[in-house]
1. For the stretch 47-164, which fully contained helices (runs of 4 or more DSSP H) count at least 2 residues that are in contact with a strand residue (DSSP E or B) (Cβ under 6 Å, 6 or more places away or on another chain) and surrounded by fewer than 18 Cβ atoms within 10 Å (Cβ to Cβ)?
2. Of all residues in the stretch 122-170, which are under 22 Å from residue 68 (Cβ atoms), free of Cβ contacts under 8 Å to residues at least 24 places away in the same chain and more than 14 Å from the chain's Cα centre (by Cα)?
3. Among (1) surrounded by fewer than 22 Cβ atoms within 10 Å (Cβ to Cβ); (2) of a type in the set (Val, Ile, Thr); (3) within 10 Å of the chain's Cα centre (by Cα), there is one condition residue 18 misses while meeting the rest; what is its number?
4. Hey, can you tell me all the residues within the stretch 138-174 that are farther than 21 Å from residue 87 by Cβ and modelled with pLDDT under 95?
Amino acid sequence: MSASTASISVHSARTGTTQLVVGVADVQVTNVADARLITYALGSCLGIAVHDAVAGVGGLLHVMLPTGTIDPAKMQAKPAMFVDSGVPLLFKECYKLGAKKERMIVKVAGGAHAGASEEGDRFQIGKRNMLALRKLLWKNGVLVHADDTGGIQTSRTMWLDVRSGAVSLKINGVESQL
């Protein structure tokens, strides 16, 4: 799978501060210590940040849907769109830069309800995204270390500082650490 097909950008060590924006259905992985990975407008989508402090590797994935099995062509063309193809891609790209699964810290944000209430969210994409993620990680012996998920129509901005591994959120103008 080529880098352009996979919708992934990998940035290896260099100097200078770098801000890498992760779009919807996108993934960024880097070992640039001064890098900051950021994604915007996490509603029902999930932002999945991973960090290996020993390797100095961080990655951020912005997934839209739980599974791509309903559209295999789209899943192949845009694997970062789906939990079931995007998460393995995120981890594999981190491994290429020296990360190890057993050292990776996983933090997640998003997964909000799309309706005015949980009952009004007919498709429950946010909830299904989080369930798919937890199931996939559990099958692979990985835990979510921290999350800020759910809520009703909550839009979150999420960023990962690669040097420290700190994950921050901005929700309704208020910043916090995850």
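1. Counting at least 2 such residues, we get no helices (runs of 4 or more DSSP H) at all.
2. 122, 123, 124, 127, 135, 138, 139 - these are the residues of the stretch 122-170 that are under 22 Å from residue 68 (Cβ atoms), free of Cβ contacts under 8 Å to residues at least 24 places away in the same chain and more than 14 Å from the chain's Cα centre (by Cα).
3. (3)
4. 151, 152, 153, 154, 155, 171, 172, 173, 174
The values are calculated or read from the model by the stated rules, or taken from the named source; none is laboratory data. Values in this document were obtained by computation on a predicted structure and should not be read as measured data. Note: ideal-geometry Cβ built from the backbone for every residue, glycine included; neighbour counts use all protein chains shown.
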